[in-house]
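The values are calculated or read from the model by the stated rules, or taken from the named source; none is laboratory data. This one's a predicted model, so the numbers in the text were calculated from it and none came from an experiment. Glycine gets a Cβ as well: all are built from the backbone with ideal geometry, and neighbour counts include every protein chain shown.
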Amino acid sequence: MRSVHVGLIALCMFSLVCVQAIARQRPPGGIPVGGLTPSQQIAFNEGSRTFSKQYEIADGRGPVFNDESCSGCHRNGGGTNRTVRRFGRVDRGVFDPLAELGGSLIQSRGIGSITTVAGTHDFVGERTPPDATVTTLRRSHALQGLGLVDAVPDETWRAIAQAQLQADPSTAGRANLVLDLLTGRAVVGKFGWKAQVPTLMQFAGDALLNEIGITNPLFRSEACPQGDCWAALDFNPAPAMNDDGRDIEALTNFMTMLAPPARGPITDDVIAGEQVFMQIGCGICHRPTLRTGPSPVGALNRADFHPYSDFLLHDMGSLGDGISQGQCTGLEMRTQPLWGLRNTNRFMHDAATNNLEEAIRRHDGQGRGARDRFVELAADPLAQLLAFLRSL
């Protein structure tokens, strides 16, 4: 397929007809940002195919996993109501992910019975062990527009955190510093409910391993079924590294160039509702506008975009999920971007709320002040605020 695409480029010499021909070959799987070059369009299309790929046991899927494909949890690059479960134990205030029992992420499915010269082993899905004192569900994120987030320089996140601290320490967020496995440097995390992942490439590698069971250059070791890294993995039918890096690269290209969700109609009520949103303090964490740094993708190059998030960690009190990851405590959560909210019918990290007003009322900790002002809104500004949120 690659040779066909290269042939198209050579024949069309980057003409409009060429771009249209390449676009027609794009499999369903998401809408790209505008203005891609022909080679970028090819990379997006190839990434879309990898995103929709159904991994088989022969490809290395498993031996424990959550789905066969990326699109199973992120349909067309958007979010779904699919959830995964995390667990751990808190002992005298210290969080233990119970890695020796398969924590903190449960892989809920197994590849079944495998027979080798050593015998037979039945790989089944993991379960929450009795030792766990903390469990939580986490809903699948939408991936749309995350290339813009990935293109924001680290100094921008630090500057936002510093500005919030100077304005009001009681609501200030903080950047989560995590390890970039590609460079070995500590950088700002932006992705995941705990901002525990720094780049889209690392996000791709992490998801391939932990959700599908595909080992790769960034994550070379299999997830140990229920913590059994020895006896069970002796029966792993695909012990060699499953992806040589091509799938990570393809998925990174796809997510990088995936367009942000489209905005709904901007009515007078929507405009008034955004003013209410800012007045009651929601915009402190759900920052309306960010700006990218330099990027080889034109639509991502020094561009303003509107995710309605600061992507920082905030202490959310009772809304925290109890799971610590790296520097992020059990009380802290990354500010969820609000773009695409109009396409969502389940809210919060655990997908436990199907009512937008109730989702706002669940805010706690550093979000409590804005929540209290929301509760006190009169009927008209409340209706305007909800109209604004449903336009995102």
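The figures follow:
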| item | result |
| --- | --- |
| Residue ID - farthest from Leu36 (Cα to Cα), chosen from residues in segment 296-314 that are surrounded by fewer than 20 Cβ atoms within 10 Å (Cβ to Cβ) and over 19 Å from the mean Cα position of the chain (by Cα) | Asp304 |
| Only one of Leu290, Leu382, Leu377 that is in contact with a strand residue (DSSP E or B) (Cβ under 7 Å, 6 or more places away or on another chain), aliphatic (A, V, I, L, M) and closer than 27 Å to Asp168 by Cα | Leu290 |
| Any hit, segment 149-170, residues being touching a Gly at 6+ places or on another chain (Cβ under 8 Å), under 17 Å from Ala204 (Cβ atoms) and touching a residue at least 24 places away in the same chain (Cβ under 8 Å) | yes |
| Segment 138-160: number of residues that are surrounded by fewer than 16 Cβ atoms within 10 Å (Cβ to Cβ) and either touching a strand residue (DSSP E or B) at 6+ places or on another chain (Cβ under 6 Å) or not aliphatic (A, V, I, L, M) (or both) | 3 |
| Top-ranked residue of segment 234-252 - restricted to ones that are in contact with a Lys or Arg (Cβ under 9 Å, 6 or more places away or on another chain) and in a loop (DSSP other than H, G, I, E, B), ranked as surrounded by the fewest Cβ atoms within 10 Å (Cβ to Cβ) | Met241 |
| Segment 129-147, subset charged (D, E, K, R) and under 14 Å from the mean Cα position of the chain (by Cα), residue farthest from Trp339 (Cα to Cα) | Arg138 |
| Condition check for Arg86: outside any loop (DSSP other than H, G, I, E, B), of a type in the set (D, E, K, R), surrounded by 12 or more Cβ atoms within 10 Å (Cβ to Cβ) and modelled with pLDDT of 95 or more | yes |
| Any hit, segment 189-199, residues being assigned to a helix (DSSP H, G or I), buried (at least 22 other Cβ atoms within 10 Å of the Cβ) and of a type outside the set (A, V, I, L, M, F, W, C) | no |
| Unmet criterion (only one of (1) touching a Pro at 6+ places or on another chain (Cβ under 7 Å); (2) modelled with pLDDT under 95; (3) on the phi > 0 side of the Ramachandran plot; (4) not aromatic (Phe, Trp, Tyr)) for Ile22 | (3) |
| Qualifying residues in segment 38-80 (those that are among the basic types (Lys, Arg) and surrounded by fewer than 21 Cβ atoms within 10 Å (Cβ to Cβ)) - the one nearest to Ala250 (Cα to Cα) | Arg49 |
| Glu332 being acidic (Asp, Glu), more than 30 Å from Thr37 (Cα to Cα) and surrounded by 18 or more Cβ atoms within 10 Å (Cβ to Cβ) | yes |
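Quick grid of which residues meet (1) of a type in the set (A, V, I, L, M, F, W, C); (2) surrounded by fewer than 17 Cβ atoms within 10 Å (Cβ to Cβ); (3) on the phi > 0 side of the Ramachandran plot; (4) part of a helix (DSSP H, G or I):
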position	(1), (2), (3), (4)
Ser221	no, yes, no, no
Gln226	no, no, yes, yes
Ala231	yes, yes, no, no
Phe254	yes, no, no, yes
Gln275	no, yes, no, yes
Met278	yes, yes, no, yes
Pro294	no, yes, no, no
